[in-house]
Amino acid sequence: MAVLVDENTKILVQGITGNQGRFHTRSMLQAGSKVVAGVTPGKGGMEVEGVPVFDTVEEAVRETGANASILFVPAPFVKDAAFENIEEKMDPIVIITEHVPVHDTLEILTLASAQQVRVIGPNCPGLISPEKCKMGIMPTHVFKKGNIGIVSRSGTLTYEIAFQLTRSGLGQSTCIGMGGDPLVGLVYIDALTLFEKDEQTQAIVLIGEIGGAMEEEAASFIKEKISKPVVAYIAGRTAPPEKKMGHAGAIVSGTSGSAEGKIKALREAGIPVADLPSQIPQILKELLGGK
Amino acid sequence: MELFEKYSIPVPERILLEKEEDLDKVFLPFPLVLKAQVAVGGRGKSGGIQLVHNEAELKEKGQQLFRMQIKGIPVKKVLVARAQEIEREFYLSFLLERKHLLLFLTSPSGGVEIEEVAAKTPELIYQEKIETWPGFSPFQGKKAAKFLGLKGELISQFSRLAFNLFSLLREKDLQLAEINPLALTPRGLLALDGKIIFDDNAYFRHPEMPSDESLTELEREAKEVGVAYVEMDGDVAVIGCGAGLVLSSLDLVNYLGARPANFLDLGGGASSEMVRKGLEIVLRNPRVRSIFMNIFAGITRCDEIARGIVEFAPKIPISVRMTGTNEEEGIRILKEAGYQAFSSMEEAAQQAVLLREKRCN
């Protein structure tokens, strides 16, 4: 099972001829992903790592049956590339690129939701269903197939925690990096909904950080809708206040965006919150063992 | 304020002073309001806003403002504006926000921070999600004007003004466009003060927009080098790759009973040169007594990081955690050069905390 991506995902890499696109295409192929097409306007007819390159997404889909896209194009061109993929109903569309203008993201997310396709990112590491499909830039060896779902706002922290799980013998169903921008496509509650329905997933790790109000929102959602055990970790307890913006979401919901506020909301919803990443495997084992 | 003017949002007559001596160049009629220009909230409470009635007061209060710091940020500019006869004060903003994407906020309780209004009297906040397309229409402003209790001609005036503020947000790539307070004066509505947050990522299409002024000298320099740096008040410097893991590393230092001196994110795939620059930046802070470097290498290479450390040869004790791509090589390079290297993040942090204590004695 797993969520969003699996052995049936046929990946299109947009921006495949650039350094990043090329490097990660190789790495995704090595991880066993089915990368079937690349797109770079003007480079149609080439091959990268044995993958055929097309000028347009439409052509690539027609020729290869690609059904999901990952974007490595430079920030100023992301909006148009994303629109092109939305038009072709690619799902999910993973936007790795950082520094995408937030007004471009606004338009991408608006169009995607109208066309009912899911966007992950921007500024995210992508996602991986270990030993089935990697659609992202994470180090493959850190992950192992299993029954824990991970959803996170941070890339490196996801690797850290997945690695600790793997070393403790806890494999993962799917690990999703949502991205760190103020506006991102897929969020906790979307991932939680998918994990709840997924047969392979038996427990969920939610990795959060300061800013915004997403974790608080997730806390009440878990309490009402999620029956599987969830363990949370929130980074940034010691972060200085007033240093970063991005609290607009928090203003609206009346929270401060602080780590304390998030930890409190999660604990009040009955969700264990680890103090350190290294405590997560033990908490998971207790929760799963008790079942 | 210039941007407000460009978008036909009425603002009071005013002059922006960039140095103390400019206080002599103020020729506006008294009374005047002096406002320290700093990019942090709550400056009214910190004494950053002063009312003056004559030349002597202008000099005295003006000098005070130029010599003060607000929440640690020195005041470099002071805005002098004609004091207005204020009947009422409102709040008005547009912002990009995850849940609603585009949000329109207004409140009859202006002149205070909106966070405070949200916490104490949420019923005084009017909010509406705005569709990306077609965007904000003046009729939506009229509904809000009724909520604010505006009547007659002021209803259209408010909705026009809101429409202009929305255009400013969209056309200039702002994450926030805020007028607070929006004052009702005998001359109509006037934006007495405001705040915009420009999206740095859109700089390529708005080279005219100013850069963030709330950064300290060192933070600005770090930004130019391409690393994210935030100064803190402790003595253990923290360096890593990836914001989430660095945040988590700060928490770990704190958990072990020490205080972090900074946040420094080298980003993914850092070169040995980046490592040297990062070390140089954190060590410019004289409080630093030890360094905790936490590297979980995905696209980053441990050997590259290790080379950067050895080349820089920090004079302050350093403890490094390394795992991931080329881990063995990285640890070997460090150990050969006599540095502490670990594969667990907790061991490395513990060591950094110990090294710092040794230096205390």
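Derivation of every value follows stated rules applied to the coordinates shown; laboratory data play no part. These figures come from a predicted structure and were not determined experimentally. Glycine gets a Cβ as well: all are built from the backbone with ideal geometry, and neighbour counts include every protein chain shown.
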Could you let me know the centre-to-centre spacing of the stretch B:224-288 and the stretch B:59-113, using Cα atoms, in angstrom?
32 Å
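Just want to confirm a number: the relative contact order over the stretch B:228-296, from Cα pairs under 8 angstrom separated by 6+ residues, in percent.
Relative contact order of the stretch B:228-296: 46 percent.
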If you restrict to DSSP beta bridges whose two residues both lie in chain B, what percentage is antiparallel, to the nearest 5?
70 percent
Listed residues B:GLY135, B:PRO108, B:VAL225: farthest to the positive end of the dipole of chain B (Cβ charges):
B:PRO108
For helix A:19-30, what angle does its Cα long axis make with the longest principal axis of chain A, in degrees from 0 to 90 and rounded to 10?
80 degrees
Scoring chain A by relative contact order with C-alpha pairs under 8 Å, at least six apart, yields a percentage of 14 percent
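Output needed for the stretch A:126-289: three equivalent-ellipsoid semi-axes, defined as square roots of 5 times the C-alpha gyration tensor eigenvalues, in descending order, whole Å. Write down the numbers at each step before the final one.
On the way: eigenvalues 117, 57, 45 Å².
The equivalent ellipsoid of the stretch A:126-289 has semi-axes of 24, 17, 15 Å.
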Given charges at beta-carbon only (K, R positive; D, E negative), |dipole| of the stretch A:6-62 in Debye
120 debye
How far apart, in nanometres, would the label points at B:HIS53 and B:ARG14 be if each is projected 7 angstrom from Cα along the Cα-to-Cβ direction?
2.4 nm
Per residue convex hull volume, Cα only, the stretch A:103-185, in Å³ is 81 Å³
Quick one: Cα centre-to-centre distance for the stretch B:173-187 and the stretch A:185-240, in angstrom?
36 Å
Grab the Cα-Cα distance for B:THR216 and B:ARG332, subtract it from 0.36 nm times how many residues apart they are, and report the gain in nm with one decimal.
38.1 nm
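What's the Cα-based Rg to Rh of the stretch A:10-120, Rh via Kirkwood?
Rounded to two decimals, Rg/Rh equals 0.94.
Could you quote the convex hull projected area for the stretch B:233-361, Cα atoms only and averaged over all directions, in nm²? All intermediate terms of the calculation are to be shown ahead of the outcome.
Details: hull surface 26.0 nm².
So the mean shadow area of the Cα hull is 6.5 nm².
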Take B:GLU60 and A:GLU224, extend 7 Å from each Cα along the Cα→Cβ direction, and tell me the distance between the two endpoints in nm.
5.8 nm
Straight distance only, please: which lysines reach the Cα of B:LYS59 with their own Cα at less than 24 Å, same-chain residues fewer than 8 apart left out?
B:LYS19, B:LYS25, B:LYS35, B:LYS45, B:LYS71, B:LYS76, B:LYS77
Please give, to one decimal in nm, the separation of the simple spin-label points placed at B:LYS76 and A:LEU276, each 7 Å out from Cα toward the Cβ.
4.2 nm
Let me check against my output: what whole-number percent is the relative contact order of the stretch A:10-120, with C-alpha pairs under 8 Å and at least 6 apart?
23 percent
Restricting the stretch B:1-57 to GluC sites (Glu not before Pro) in coil, as DSSP defines it, with at most 11 other Cβ within 10 Å:
B:GLU13, B:GLU18
Spelling it out for B:ALA341: with amide H atoms placed in the peptide plane at 1.01 Å from N, the residues 5 or more places away or on another chain with amide H under 5 Å from its amide H are B:VAL320
What FRET efficiency would be calculated for the residue pair B:GLU280, B:ARG205, taking the C-beta separation as r and a Förster radius of 25 Å, to the nearest 0.05?
0.15
May I ask for the Kirkwood hydrodynamic radius of the protein assembly as shown, worked out over all distinct Cα pairs and given in angstroms to one decimal?
26.5 Å
Compute the acute angle (0 to 90°) between the alpha-carbon long axis of helix A:188-197 and the principal axis of greatest extent of the alpha-carbon atoms of chain A; round to the nearest 10°.
90 degrees
Arrange B:LEU92, B:LEU28 by Cβ neighbour counts within 10 Å, fewest through most, would you?
B:LEU28, B:LEU92
Using alpha-carbon positions, what is the distance between the centroids of the stretch A:141-171 and the stretch A:17-44, in Å?
24 Å
Among B:TYR91, B:TYR203, B:TYR229: highest mean-square fluctuation, GNM of chain B, C-alpha pairs under 10 Å:
B:TYR203
When DSSP beta bridges are limited to those with both residues in the stretch A:12-117, what percentage is antiparallel, rounded to the nearest 5?
15 percent
Fraction of the pair-distance distribution of the stretch B:196-245 above 18 Å, Cα-Cα pairs, percent:
45 percent
Orientation-averaged projected area, Cα convex hull of chain B (nm²):
21.9 nm²
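Return a single number: how many Lys pairs in the stretch A:126-289, at a sequence separation of 8 or more or on separate chains, have alpha-carbon atoms below 13 angstrom apart. Intermediate values should be presented prior to the final figure.
On the way: A:LYS132/A:LYS144; A:LYS132/A:LYS145; A:LYS134/A:LYS144; A:LYS134/A:LYS145; A:LYS197/A:LYS225; A:LYS197/A:LYS228.
Value for the stretch A:126-289: 6.
Could you calculate, for chain A, the ratio of the Cα radius of gyration to the Kirkwood radius, expressed as Rg to Rh? Kindly include the intermediate steps, with their values, before the conclusion.
Numbers: Rg = 18.6 Å, Rh = 19.2 Å.
When Rh is taken as the Kirkwood radius, the ratio is 0.97.
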Quick one: grab Rg to one decimal and Dmax as a whole number for the stretch B:110-178, Cα atoms only, in Å.
12.9, 33
Between the helical axis of B:138-148 and the dominant principal axis of chain B, each derived from Cα atoms, what acute angle in degrees is found, rounded to the nearest 10?
80 degrees
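Taking other Cβ within 10 Å of each residue's Cβ, how do A:LYS134, B:LYS6 sort, fewest first? Mind dumping the intermediate values first?
Numbers: A:LYS134 29, B:LYS6 11.
Ascending number of Cβ neighbours within 10 Å: B:LYS6, A:LYS134.
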Provide the percentage of antiparallel DSSP beta bridges, counting only those with both residues in chain A; round to the nearest 5.
20 percent
Which residues qualify? For A:VAL230, with a placed amide H closer than 5 Å and at least 5 residues away or on another chain, they are A:ILE204
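For the stretch B:88-205, take the convex hull of the Cα atoms, compute a quarter of its surface area, and give me that in nm², please. Spell out each step's value before the answer.
On the way: hull surface 29.9 nm².
With the hull built on Cα positions only, its mean projection is 7.5 nm².
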